[in-house]
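First the structure, in the form of structure tokens, and then the observations on it.
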Amino acid sequence: MLAVAQLTCQRGARTLFSGLSFTLPERQWIQIQGANGAGKTTLLRVLAGLVQPQEGTLTWQGQAVQECRAEWQRALLYLGHHAALKEELTPLENLRFSLGLEAMPADETVLMKALDRFGLQEREHLPVRYLSAGQRRRVLLARLLIRPAQVWILDEPYTALDAHATQFLSAVIEDHLEQGGSAILTSHQTLGLRSGMSIAL
Amino acid sequence: MSNSVINWFKYASPATFYPLAGRLVPWFSGLAVLLIAWGLWIGLFVAPTDAQQSEGYRIIFVHVPASWLSMFIYCVMAFWSALGLAFNTRLSGMLTAALAPTGALFAFLSLWTGALWGKPMWGAWWVWDARLTSQLILFFLYLGFIALQSAIDDPRRADRAGALLALVGVVNIPIIYFSVQWWNTLHQGASVSLTKAPSMAHIMLEGMLIMALGFWSYAIAVVLTRVRCIILERELTSEWVKRNAVD
Amino acid sequence: MMMGFWTSMRRDLVLATRHKSEWLTALFFFVMVTNLLPLGVGPEVSLLRKIAPGVLWIGALLSTLLGLQRLFSSDHGDGTLEQMALSPVPLAWLVAGKMVTHWLVCGLPVVLMAPLLGIQFDLPTRSLGILVLSLLLGTPILSAVGALGAALTLGLRGGGALLSLLILPLYIPALIFGAGAVEADLAGISPQGHLSLLGALLVLSVFFSPWVTSLALRIALE
């Protein structure tokens, strides 16, 4: 369980949010809502541990995140705004390297299967440069299927996806929740997910 | 500067430090004027004319204290940087940022007076003497620090990146000085050493020390004033600044 | 940990092989700068031999700067750096992998090319050996220290010029001992002292730089 207490974050002279508290139990998901520039991405980056909050605490499984950083990072899968893909590499290579950077073994067949399920058949060996925005997004999202994690933190995961892929992503998230995982996401779209908690910034 | 360290821990919050700095500035300004005037008087009128270097040597009363201070200020910057990174205090970053221009100014003053002194001594405005070269590199380090800080918009990142650079710089300064010394002895450059100003008279040392103290007071006054500006700039939206503005 | 290090290194190597222009530019720059100098100062052999160590070293120094600007910026731009910062593998190890690749791609070609350029400056064979040795010890220092500058200036306006301003003063010891070794050999003195000091700098910078650089990257990512 992830617990957040009295979180305050300032950017420059502006206070993005203050006194924010919530808990995220297993099998639950949170949608973070807010206008552009309200600090949704910053909140996700604070939760992931990329940004230090001015005040407040984050606890994972009852332990302060600063004290169990490695465990928190293993339990966490953060997919940010950017696709985190290298244009010169193929989707397969991108996935393999992204797992390698986290010192996790990469099984070729598992990777291929994940890409297939996200509708990237025949594209596995094409440099990412030749893929469309939606397809790039799907390569990134394929990490959801290959990198085991308890908490998913997804920044605008539905961006650039077509109707079919949107549906599939929702199914993947549902599946993750079924299996005892949890998720936090920012999104402007209606998601077709079962109802979750919602936080407005 | 060192005797107020204890206070600065207590006054680590900008809101309490701001008025304290305001009270200290006039004292240090006054002290600076008195000490510098006294030091100059000793330097220009009391100290005897040097047998070898005649009147030209009198520039050391500015040159040497400026050099001392330029090096010392970098160390002070590194000290506040270390504190800032370790304890995440906002004030240390502001102090470091405020110190840098003064440090750069003294480094420049030291180079300039060094050149003025060098012309009659060595017959050239610039010689690749180990000390002058090291001082030049120190000046570059100051410029790098100021350039980095001014290139970063987010004050928090500016503080922390600057702190890291200042610490890396302070670790490197001895290495750089040593290597420049090594390089200089290998190439047998200018041979007039500044340390062996022949048999320095007691009164000369006294003059330099008083000038150094005067420069210190000046540095403290200027840095505190600059810190006050930085505090106001950064805390513009906070409650205590608004309250004070209304008062 | 080692797996993260190897992956980070291999990944950048693969990228470098698909982007040949990057490291070829650095190498070509090195050749150009050193070849322009005789055109500036004249073809007198004794003078050229005298300035050769300094010229070749400064050429090496500037050409590594070229590759440094891109060391982290592409990973920063596409979000890979965030993923690296969140990896359970310590960021310092991933950074170390990138540094090694930077050296392999920007430093090693310069080391290999240097003797050829040294011949143009009429350096004797023995000094050519010392030149290669000094560059072999010195160029990793340039990569290690330069990486720190690249991390500090990541994503800033005028990052390239700023990077040079920050890093070049820190390169001075490597330049002095590196070029000094070759000069000493030319003057008939043993270059051993210079090379030992260069070695000491190498150990220090390779040991500390990945760690400090990872701190700087975390600051830049906030």
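The values are calculated or read from the model by the stated rules, or taken from the named source; none is laboratory data. Since this is a predicted model, take the numbers as computed values, not measurements. Methodologically, a virtual Cβ is constructed for each residue, glycine included, from the backbone with ideal geometry; neighbour enumeration extends over all protein chains shown.
If you go through the range A:124-132 one residue at a time, do you hit one that is β-branched (Val, Ile, Thr) and within 13 Å of the chain's Cα centre (by Cα)?
Looking for residues that are β-branched (Val, Ile, Thr) and within 13 Å of the chain's Cα centre (by Cα), one finds none in the range A:124-132, hence no.
Please go through (1) away from chain A (no Cβ under 14 Å); (2) surrounded by fewer than 23 Cβ atoms within 10 Å (Cβ to Cβ); (3) at negative phi for C:Gly42 and return the number of the only condition it doesn't satisfy.
C:Gly42 satisfies every listed condition except (3).
So C:Leu24 passes all but one of these: (1) over 19 Å from the mean Cα position of the chain (by Cα); (2) loosely packed, with under 15 Cβ neighbours inside 10 Å. Which condition number does it fail?
It is condition (1) that C:Leu24 fails.
Checking the structure you have, find out if any residue of the range B:71-94 is assigned to a helix (DSSP H, G or I), of a type in the set (Lys, Arg) and farther than 27 Å from B:Ala15 by Cβ.
No: the range B:71-94 contains no residue that is assigned to a helix (DSSP H, G or I), of a type in the set (Lys, Arg) and farther than 27 Å from B:Ala15 by Cβ.
Which of the residues belonging to the range A:36-66 are away from every other protein chain (no Cβ under 12 Å) and either under 12 Å from the mean Cα position of the chain (by Cα) or farther than 16 Å from A:Met1 by Cα (or both)?
Correct list: A:Asn36, A:Gly37, A:Ala38, A:Gly39, A:Lys40, A:Leu43, A:Gly56.
Considering the range A:87-110 alone, what residues qualify as being of a type in the set (A, V, I, L, M) and within 14 Å of chain C (Cβ to nearest Cβ)?
Across the range A:87-110, the qualifying residues are A:Leu89, A:Leu92, A:Leu95, A:Leu99, A:Leu101, A:Ala103, A:Met104, A:Ala106.
I need the full set of residues from the range C:62-99 which are more than 16 Å from A:Gly80 (Cβ to Cβ) and among the small types (Gly, Ala, Ser), in order please.
Across the range C:62-99, the qualifying residues are C:Ser63, C:Gly67, C:Ser73, C:Ala92, C:Ala96, C:Gly97.
Just checking, which of C:Leu166, C:Leu162, C:Leu68, C:Leu108 is within 21 Å of B:Val171 (Cβ to Cβ), surrounded by fewer than 22 Cβ atoms within 10 Å (Cβ to Cβ) and more than 14 Å from chain A (Cβ to nearest Cβ)?
C:Leu162 is the lone residue from the list that is within 21 Å of B:Val171 (Cβ to Cβ), surrounded by fewer than 22 Cβ atoms within 10 Å (Cβ to Cβ) and more than 14 Å from chain A (Cβ to nearest Cβ).
Can you tell me which residue is farthest from the chain's Cα centre (by Cα) among those in the range B:37-70 that are of a type in the set (Gly, Ala, Ser) and modelled with pLDDT under 90?
The extreme case among them is B:Ala51.
With respect to the numbered conditions (1) more than 8 Å from chain C (Cβ to nearest Cβ); (2) under 16 Å from C:Gln83 (Cβ atoms), which one is the sole condition not fulfilled by A:His82?
(1)
Taking B:Thr96, is it polar (S, T, N, Q), on the phi < 0 side of the Ramachandran plot and in contact with a Gly (Cβ under 7 Å, 6 or more places away or on another chain)?
Judged against the criteria, B:Thr96 is a match.
Quick one: count up the residues across the range A:51-106 that are in contact with a Lys or Arg (Cβ under 6 Å, 6 or more places away or on another chain) and assigned to a strand (DSSP E or B).
Number satisfying all stated conditions: 1.
How do the pairs read when you match residues in the range C:84-98 that are more than 16 Å from A:Ala75 (Cβ to Cβ) with residues anywhere that are among the charged types (D, E, K, R) and at pLDDT below 95, using Cβ under 6 Å and keeping only pairs 6 or more apart or on different chains?
Every condition considered, the pairs that remain are C:Lys98/C:Asp12.
Consider the range A:1-50. How many of its residues are touching a Cys at 6+ places or on another chain (Cβ under 9 Å), in a strand (DSSP E or B) and crowded, with 19+ Cβ neighbours inside 10 Å?
Going through the range A:1-50 one residue at a time, the tally reaches 3.
Mind telling me which of the residues C:Val100, C:Val95 ends up being in contact with a helix residue (DSSP H, G or I) (Cβ under 9 Å, 6 or more places away or on another chain), over 26 Å from C:Ala179 (Cα atoms) and not hydroxyl-bearing (Ser, Thr, Tyr)?
Criteria check complete, one pass: C:Val95.
If we scan the range C:122-130, do we find a residue that is part of a helix (DSSP H, G or I), more than 9 Å from chain B (Cβ to nearest Cβ), closer than 28 Å to B:Leu167 by Cα and not acidic (Asp, Glu)?
No - not one qualifying residue is present in the range C:122-130.
For the range C:197-206, which positions are surrounded by fewer than 22 Cβ atoms within 10 Å (Cβ to Cβ), free of Cβ contacts under 8 Å to residues at least 40 places away in the same chain and either in contact with a helix residue (DSSP H, G or I) (Cβ under 9 Å, 6 or more places away or on another chain) or within 12 Å of another protein chain (Cβ to nearest Cβ) (or both)?
C:Ala200, C:Leu204
Please name all residue pairs, on different chains or six or more residues apart, with Cβ atoms under 9 Å, provided the first residue is in the range B:224-243 and is within 9 Å of chain A (Cβ to nearest Cβ) and the second residue is at pLDDT 90 or above.
B:Arg234/B:Met94
So is C:Gly193 more than 12 Å from chain B (Cβ to nearest Cβ) and assigned to a helix (DSSP H, G or I) or not?
Criteria not met by C:Gly193.
Return yes when B:Ser179 is buried (at least 20 other Cβ atoms within 10 Å of the Cβ), farther than 22 Å from B:Gly56 by Cα, within 14 Å of chain C (Cβ to nearest Cβ) and hydroxyl-bearing (Ser, Thr, Tyr) and no when it is not.
yes
In the range B:118-171, which residues are more than 11 Å from every other protein chain (Cβ to nearest Cβ) and acidic (Asp, Glu)?
Selection gives B:Asp129 alone.
Residues are listed down the side, and each one gets a yes or a no for (1) crowded, with 20+ Cβ neighbours inside 10 Å; (2) free of Cβ contacts under 8 Å to residues at least 12 places away in the same chain:
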| position | (1), (2) |
| --- | --- |
| B:Trp112 | no, yes |
| B:Leu116 | no, no |
| B:Lys119 | no, yes |
| B:Trp122 | no, no |
| B:Leu136 | no, no |
| B:Leu141 | yes, no |
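Return yes when C:Asp78 is in contact with a His (Cβ under 7 Å, 6 or more places away or on another chain) and either at pLDDT below 95 or surrounded by fewer than 18 Cβ atoms within 10 Å (Cβ to Cβ) (or both) and no when it is not.
yes
Within the group A:Arg69, A:Arg74, which residue is within 28 Å of A:Met1 (Cα to Cα), surrounded by fewer than 21 Cβ atoms within 10 Å (Cβ to Cβ), within 7 Å of chain C (Cβ to nearest Cβ) and charged (D, E, K, R)?
Exactly one residue qualifies, and that residue is A:Arg74.
On the basis of being aliphatic (A, V, I, L, M), exposed (fewer than 14 other Cβ atoms within 10 Å of the Cβ) and farther than 30 Å from A:Met104 by Cβ, does C:Leu36 make the cut?
Considered against the rule, which asks whether it is aliphatic (A, V, I, L, M), exposed (fewer than 14 other Cβ atoms within 10 Å of the Cβ) and farther than 30 Å from A:Met104 by Cβ, C:Leu36 comes out as yes.
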